[in-house]
Every structure is written in C-alpha cells, then in structure tokens.
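Asks: Can you keep this structure in mind? I'll have questions shortly.
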Amino acid sequence: MPYLTDATGEVSLPGVAGGGGPLDVVIQFVIDDSTQPAGWALSNAVQVELLP
C-alpha cells in the first residue's frame, strides 16, 4: 500500500493511532545458513524512529 506525502512532505497513516508520527520501524533479515539446525539465521535488528 503506497503512502503519499502532502506538500510539506508529511505522511499520514490512516487507521494507525497517532498517524501523524512518530513511527518506529524494526528491520531484520532472514539469512540462509546451512550451519544452523533450522537452516537459517536472523540478522541483528535495527530500529528506526521516524519523526513527524
């Protein structure tokens, strides 16, 4: 779902409490790793805080 910005560059997230921000996003990757029992591993997570 794409989100569009207004003329000031602000993004509105309808349906999300406090939709004007801030918004915390956590990014993490799954890595194919045959040395692990499950055959995969997780990267370290990075948290990004987007402020209005």
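Just so you know, all these numbers are worked out from the coordinates, no wet-lab data involved. Worth saying up front: this structure is predicted, and the values here are computed from it rather than measured. FYI the Cβ positions are ideal-geometry reconstructions off the backbone, even for glycines, and counts take in every protein chain you see.
Asks: Compute the signed sum of charges (Lys and Arg +1, Asp and Glu -1) over the other residues within less than 14 Å, Cβ to Cβ, of P22.
Replies: -3
Asks: Output wanted: per-residue J couplings in Hz (rounded whole) for segment 37-51, from phi through Karplus 6.51 cos²θ - 1.76 cosθ + 1.60, θ = phi - 60°, x for Gly and Pro.
Replies: x, 7, x, 8, 9, 9, 6, 5, 8, 10, 9, 10, 9, 9, 9
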